[in-house]
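For reference, the structure is listed below as structure tokens.
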Amino acid sequence: MRKLEYPSIGETLYRDTLPNGLRLSVAVKPGYTRSYAFFATEYGGADRRFRLDGRFIDTPMGVAHYLEHKMFDMPEGDNAMSLLAANGAQPNAYTASAVTAYHFESTENFDENLRMLLRFVSTPYFTEESVSKERGIIAQEILMGEDDPDHVVYDELMRCLYAAHPIRDKIIGTVESIGEITPEILYDCHRIFYNPGNMALAVVGDVDPEAVYAAASELLDAERGPAPERDYGPPETLLPASTRFSRRMEVSAPQFMLGAKLPGEGRGEALLRRKIVSDVAVTCLYGASSPFFNRLYAEGLVNTDFFADLDYAAGTMTLLAGGESRNPEAVLTAFTAEAEAAAEKGIDPAYFSRVMRSGYGSRLRALSSFGGLAASLADADFGGYNCLDAFAVLETVTEEEVRAFIREYLAEDRFALSVIDVPEEGKGGASDA
């Protein structure tokens, strides 16, 4: 494997692409007893339409999440989650809009657990009975989410922002959509998306990179599968499809989430730079140490739960911010005014320098999170770049570059606002306002 050393941040990374297309990254951490493995496919809730055997296939909402649930069933009748746990691992999995990931952490039997992880994720086994049984479990999960204000405020913001892109729909699906999922659909989606050429394996710990390479070579298909051809629908403008959503639910204080669409296409170093510039801009404007946050906190418009972050998935990038507020509209007004002022007057050089140093330090601290680093390595492999190159890129970002981003993408007409309001006095339950 190719060895990359980063003496300035104390990291050593091994990278390679296997003949079958699997992208492999191993961050070696000498002296640590725990190790972490992260095996992911570039397939998530938004990947509902794709070409298979020369024709486009449309699949119901929720297939990627459903498939994640069923992948732990083994042909021998065992459950891979239980086997990993019994062998000293702490396993888990999740499905996002563009990625499904299976991972574990362990302090013992790492090689055995890695082999088990690779085997069960690459071995589909679905029956009519098991798929039908899972439907009721996932339906309960869906219904619980419909009663959760945190889920609703996010889901409705995405529906405000995006007119047609499937990222606007729930990853988990609906009770109706999962009723259409069959073993045949699950097998088809596994075949097209779980082939090694569409996957990445990232390992962090005091491990032998060549042993990881050997295990992946031995247990995964030797042939490179066809590259999935996805269809996310017609191109969208950066303007929101609609600007407001409001619903009353059982909350003690209004919850809100605001957001804007950003350009998300591209790969490689250009994508990495765009992510970093976007992150610096958001931190400068709305971070926990920003004048914006301190001012609104002092005025009682936001509390310590306020956040501002970026989400990149399925060819999209979205700026998201939210929390609790007695006046979400006033927060949105202040939010866009802050961007307008920075675009017009620029960012104070001393403050910008502090943000840059703080950002560098935050990235350094994040390297101690084995799970976070492994996920970042795999995500970078899917994006065509190396996440550890971010430190060098960050050092070259300028205030003028950040200001140009703010001017270009954070205009007032780009934002939408989703609010979950308190019940009307004397009334309970949920209702659209």
What ratio of Cα Rg to 2.2 N^0.38 Å holds for region 22-97? 1.44
Taking the Cα atoms of region 244-424 alone, what are Rg (to one decimal) and Dmax (as a whole number) in Å? 16.9, 53
Which residue fluctuates the most in the chain, going by a Gaussian network model with Cα springs under 10 Å, if the choices are F56, F415, F39? F56
Any idea what log10 I(q)/I(0) is at q = 0.11 Å⁻¹ for the chain, Debye with uniform C-alpha scatterers and no solvent? -0.95
In deg cm²/dmol, rounded to the nearest 500, the helical mean residue ellipticity at 222 nm of the chain, built from -39500 (n - 2.57) for every DSSP H run of length 4 or more, is -12500 deg cm²/dmol
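Of all DSSP beta bridges located in the chain, what percent are antiparallel, nearest 5?
Bridges in the chain are about 85 percent antiparallel.
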In whole angstrom, how far apart do the alpha carbon centroids of region 214-246 and region 274-316 sit? 27
Per residue of region 245-260, in order, report the coupling 6.51 cos²θ - 1.76 cosθ + 1.60 (Karplus, θ = phi - 60°) as ³J(HN,Hα) in whole Hz, putting x for Gly and Pro. 9, 8, 8, 8, 9, 7, 10, 7, 8, x, 10, 9, 8, 10, x, 8
In cubic angstrom per residue, the convex hull of region 71-193 built on its Cα atoms measures 134
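Throughout, read-outs are computed from the coordinates displayed, never taken from laboratory work. Owing to the predicted nature of the structure, the values given are computational and were not obtained by experimental measurement.
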